[in-house]
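Note sheet for the following structure.
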Amino acid sequence: MKILANDGVSQSGIDALEKAGFEVLTTTVAQEQLINFINENEIVGLLVRSATKVRTDVIDNCSSLKLIGRGGVGMDNIDVAYAKEKGLHVINTPAASSESVAELVFAHLYGGVRFLYDANRNMPLDGDSKFKDLKKAYAKGTELRGKTLGVIGFGRIGQSTAKIALGVGMKVIYSDPYMDAASVSIPFFDGQSISFNFKSISKEALLKEADFVTVHVPAQKEYVIGKTEIALMKDGAGIVNAARGGVIDEVALVEALDSKKLSFAGLDVFESEPTPEIKILMNPNISLTPHIGAATGEAQNRIGLELANQIISLLK
Ligand SMILES: NC(=O)c1ccc[n+]([C@@H]2O[C@H](COP(=O)([O-])OP(=O)(O)OC[C@H]3O[C@@H](n4cnc5c(N)ncnc54)[C@H](O)[C@@H]3O)[C@@H](O)[C@H]2O)c1
């Protein structure tokens, strides 16, 4: 049985699948050639990340296909309900990348409070001629310790982010209309662990209290953070979006950064991905990464293995 990993899959996943007797193809087939390729090679399982789209055309025209697997969480690129209706298995790996995304959030936060995003842009240009000016420009940093992190959406990634925040001495508050209370346990290297209990508060209350806000909700029809929400935030607060483009209104965000209402933003995802707006890319107060939240060796290994194990139990 052949599996096509069209957006790649970790070696650990390939090894596990091959050991179970599957053949794994890692060719990246262009979207418009996908149906032909699947039919010609009698592909049984199609694995994708976020690039390949699995819409009704693929589902309707590929009779060999039995399973669609998404390495990661969001399945916006797959017509899940339709595929299931047609009898296909649709699987994903929701938990595998939470820690990696949470660490990226903190990369943005730590970079944000010390202006690393801007220093890294200007040091190569002016570091040798205007060292003292740059030193002054980036002198007013702040610490994260003792500050309040507001987490909007307290699922897997929201809770992983909370764990890091607690570990570095931050206060954590959260808002999640679908989760009234949550208990978060932080494991330490030596086997000790500490549990914290939280209660959800309103988004409005969170925005007023948090020094930094990070959003971890699924793709939504409406902005979770728009002009009204930003107006409620503390002056000089920072915000991170490593969830989905369209969760934060980018126009309102740029306005808030330009007017200094907010001090910085960290963005891993963009409304017009994969061609983010120039106004976002060129803004000196935005720390930018190209949707790499789950892109660590550890997460990709877990994703590959999780997919392989599910495929083996469903198709063998
Ligand atoms: N940057 C990346 O590379 C990357 C990688 C993985 C996941 N993600 C994204 O991260 C997001 C969160 O993933 P997760 O695994 O934590 O999902 P999850 O389902 O575990 O948690 C999402 C939480 O958001 C809550 N929620 C839904 N709507 C809400 C709203 N309007 N306000 C507040 N809370 C709301 C839900 O109740 C849930 O608890 C998803 O959008 C996912 O696509 C990004």
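A few remarks follow.
- FRET efficiency, Glu277 to Thr56 (Cβ-Cβ, R0 45 Å, nearest 0.05): 0.90
- Loop-resident GluC sites (Glu not before Pro) (DSSP state other than H, G, I, E or B) in the stretch 85-169 with no more than 12 further Cβ atoms inside 10 Å of their Cβ: Glu143.
- Helix 116-126 vs. the chain, principal-axis angle (Cα, 0 to 90°, nearest 10): 80 degrees
- Near Leu47, the amide H atoms lying under 5 Å from its own belong to Leu4, Ala5, Asn6, Gly69; only residues 5 or more places off or on other chains count, and H is placed 1.01 Å from N.
- Among the trypsin sites (Lys or Arg not before Pro) in the stretch 255-290, those located in a DSSP loop and surrounded by at most 15 other Cβ atoms within 10 Å of their own Cβ are Lys260.
- For the chain, the dipole from Cβ point charges (+1 on Lys and Arg, -1 on Asp and Glu) about the Cα centre works out to 820 debye, to the nearest 20.
- Couplings for the stretch 187-200, taken from phi via the Karplus curve 6.51 cos²θ - 1.76 cosθ + 1.60 with θ = phi - 60°, read x, 9, 4, 9, x, 6, 8, 10, 10, 10, 10, 10, 10, 5 Hz in order; Gly and Pro are left as x.
- Other-chain or far-sequence residues with amide H under 5 Å of Asn92's (modelled H): Arg70
- Helix 156-167 axis, angle to the chain major axis (alpha carbon atoms, nearest 10°): 40 degrees
- Along the stretch 302-309 the Karplus relation, 6.51 cos²θ - 1.76 cosθ + 1.60 evaluated at θ = phi - 60°, assigns HN-Hα couplings of 5, 4, x, 5, 5, 5, 4, 4 Hz to successive residues, with x for each Gly and Pro.
- Note on the chain: helix-only mean residue ellipticity at 222 nm, from DSSP H runs of 4+ residues weighted -39500 (n - 2.57) and normalised by residue number, equals -11000 deg cm²/dmol.
- Cβ-based exposure ranking for Phe212, Phe37, Phe189, in which fewest neighbours within 10 Å come first: Phe189, Phe37, Phe212
- Distance between the stretch 4-24 and the stretch 121-191 - C-alpha centres, whole angstrom: 36 Å
- When only alpha carbons are used to place a centre, the stretch 200-226 and the stretch 286-305 end up 23 Å from one another.
- For Lys199, a cut-off of 24 angstrom between C-alpha atoms picks up these lysines, skipping any fewer than 8 places away in its own chain: Lys147, Lys163, Lys171, Lys208, Lys234.
- Residues Val213, Val54, arranged from fewest to most other Cβ atoms within 10 angstrom of their Cβ, appear as Val54, Val213.
- Looking at the stretch 96-154, the trypsin sites (Lys or Arg not before Pro) that sit in a DSSP loop and have at most 13 other Cβ atoms within 10 Å of their own Cβ are Lys140, Arg145.
Only the coordinates and a few stated rules stand behind these numbers; no lab work does. What you are looking at is a predicted structure, and each value in this text was computed from that prediction instead of being measured. Reconstructed Cβ throughout: ideal geometry from the backbone, glycine too, with neighbour counts over all protein chains shown.
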